[in-house]
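Remarks on the structure that follows.
The values are calculated or read from the model by the stated rules, or taken from the named source; none is laboratory data. Note that the structure is predicted; figures quoted are calculated from it, not measured. When we count neighbours, we look across all protein chains shown, and the Cβ atoms used for this are built from the backbone with ideal geometry, even at glycine. Remember, those area values only see protein heavy atoms, side chains included, never the ligands or the DNA or RNA. Shrake-Rupley method; radii C 1.70, N 1.55, O 1.52, S 1.80 Å.
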Amino acid sequence: MNKKLSILLLGLLFCFGFAGAQEVQKSDLQQRAEAADGIGTSRYLYIRAFEDYAGKGQLKQGVECAVKATALYYKENYYKEAFDLLRRVDQTINAANQPSSTKAALHYLATKERLQMYIKLRKTASAQDQLNILEGLANASGDENVKNDLLYNKAVYYYTFGQNAQGNAVFKEMAGKLTAQKEYDKVDAVYQTLIANGRRSNNANLVAQSYSSYIVWKDSVAALKRADETGALKQQIADNEAAIAEKDSSLAARRWIIVGLSILAVGLAAVLAIGAVVLLRFIVLTRKQKKLIQEANENNALKAKFISNISAQLDPTLQKLDSRQPEVQALQSFSHHVQVLSEVEGRDAAEVELEDTQVAQFCEGLADQIRSRVKGSVTLAVNAPKLGAKINKEYVSHILLHLLTNATECTPEGGKISLEYKKRGAHSHQFLVTNTGEHIPEEKRQDIFKPFTEIRDLTKGDGLGLPICKQMALKMNGDLSIDPEYTKGTRFILDLHV
């Protein structure tokens, strides 16, 4: 996921995250950290606030500041520094003279942040280990708010890694506890927060499962609310009748009051009925829209599978034709590209393995493969430092060779082609392919990455090369785009995040 899942938990704190804690005066360092403009400055001040609080024995405030500094570390992909800071936090907690239950609650805060990092890194096993540790700490803390927070983190973990049945069960337990306490607004806020942050983190599975659970809960709680309101209304009528009997024995007075209350009851019932009708229409409309979206996704999947099957069946026949004919070559190439696109789209991102690669040697090897296609007066340059990087060589090679090959065809005499590598952070890097050929207009930049957007003469290309490259980039937790600021030709940027 591109967004940090820790945002999910920050948005949830008002629901049940340590809700019983008393307001504590913030130190000057903490206030400066919260007001700082830059991430680096804010992170530095939070760490100093942690050390200052720990020195004064205010361990809970110190741990909270350290957790915020950790989030700012891995926001810029500095995971090593983030893990090191959390280890310091655990050591500080262990050394403190505090009850074991208090220490467990503080360790829970640090371990929860560690869980968010492993979820963001898509390390299922490590995330599961942290979740098991969280459960032990929650039980040891004896704090019901911490146990509720644990249920939420379990749901996030299960939905993130596709374990929908477990996620639904945990979320149902959490919503059930709050619903039993008639804290409907808190449950609604939990669902809204989970759905909104799932959208911000591009976690489609989390959004779908949360939304499905939310609709089911909304249906059930509507009936509970109506029952509560009806019960309250009945109680109100009973109380008023008792008060009338005690204060005024006059039958006429009681009759008028009862009539008035009856009118009120009828009015409230009418309002509830209208509200129920509106809610029912909304639910029906929402379900219809959800069903249409589901059917559209299923149809797209079936279309892709159908096209792939057709391509596979046509391939043996195409191989028997005279491949010297341009039309036959075009059909064979199109059939192959369709199969490749289908395989890449159907591949799980977790299956894309990375390996250590020497970048300079790797880039020079790619340049050598296309050097014979470069026009005589065109300059081909490679600018890659002697660094190591973890990449999927199969996908990266395919993407860069396709871009370089296109560049050799588009670059005029006397032009330049370059392949560059830039390290953008501890776990982020880029490959850039630039040529001084024709500039791609802004209105066409998005469509060139979409397959089947126009009817083509297959002998002049099927238009699937860049869509295949785009899908490969996405499967590597990256992206392929055109640099809009480069106007002397075209520059493609392959962003990769380990």
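Residue 252 to residue 185: FRET efficiency via 1/(1 + (r/R0)^6), r the Cβ-Cβ distance, R0 35 Å, to the nearest 0.05?
Working from the Cβ atoms, E equals 0.25.
Once ligands and nucleic acids are excluded and a 1.4 Å probe is used, how much of residue 472 is accessible, expressed in Å² to the nearest 10?
10 Å²
Which aspartates and glutamates have a Cα less than 15 Å from the Cα of residue 393, not counting those fewer than 8 places away in the same chain?
Within the straight-line limit of under 15 Å, residue 393 reaches these aspartates and glutamates: 351, 353, 355, 356, 364, 495.
Rg (Å, one decimal) plus Dmax (Å, integer) for the alpha carbons of segment 336-482?
Both quantities, over Cα of segment 336-482: 15.7, 45 Å.
Would you check the accessible area of residue 486, probe 1.4 Å, heavy atoms only, in square angstrom rounded to 10?
Near enough 40 Å² of accessible area.
Roughly speaking, what is the stretch gain from residue 483 to residue 393, that is 0.36 nm per residue apart minus the C-alpha to C-alpha distance, in nm to one decimal?
Extending this stretch completely gives an extra 30.1 nm.
So how do 317, 405 rank on accessible area, 1.4 Å probe, biggest first, that is with the largest at the start?
The residues order as 317, 405, largest area first.
Distance cut-off 21 Å, Cα to Cα: go down the list 416/470; 56/112; 120/177; 386/416; 75/423; 390/450 and report the pairs above it.
Listed pairs above 21 Å: 416/470; 56/112; 120/177; 386/416; 390/450.
Can you tell me which of 77-89, 151-163 comes out highest on packing, and rank the rest after it, using the mean Cβ neighbours within 10 Å?
The packing order, highest mean first, is 151-163, 77-89.
So for the pair residue 401, residue 101, with labels modelled 7 Å out along Cα→Cβ, what separation do we get in nm?
About 6.5 nm, to one decimal.
Ignoring ligands, DNA and RNA, how do 431, 362, 334 rank by accessible area with a 1.4 Å probe, largest first?
334, 362, 431
Through the Karplus equation 6.51 cos²θ - 1.76 cosθ + 1.60, θ set to phi - 60°, convert the phi angles of segment 436-452 into ³J(HN,Hα) values in whole Hz; use x for Gly and Pro.
9, x, 5, 7, 7, x, 4, 5, 9, 5, 6, 5, 5, 9, 9, x, 6
Calculate the translational D of segment 37-128 in whole µm² s⁻¹ from Stokes-Einstein, where the hydrodynamic radius comes from the Kirkwood formula applied to all Cα pairs, the temperature is 25 °C and the viscosity 0.890 mPa s.
The Stokes-Einstein estimate is 184 µm²/s.
By how many nm would the segment from residue 413 to residue 192 lengthen if fully extended, with 0.36 nm per residue of separation less the alpha-carbon distance?
Contour length minus the Cα-Cα distance gives 73.8 nm.
Keeping all protein chains in position, work out how much accessible area residue 114 exposes to a 1.4 Å probe, and write it in Å² to the nearest 10.
30 Å²
Pairs of alpha-carbon atoms within less than 8 angstrom and 6+ residues apart define the contacts here; what relative contact order does segment 393-498 have, in percent?
Dividing the mean separation by the residue count of segment 393-498 yields 30 percent.
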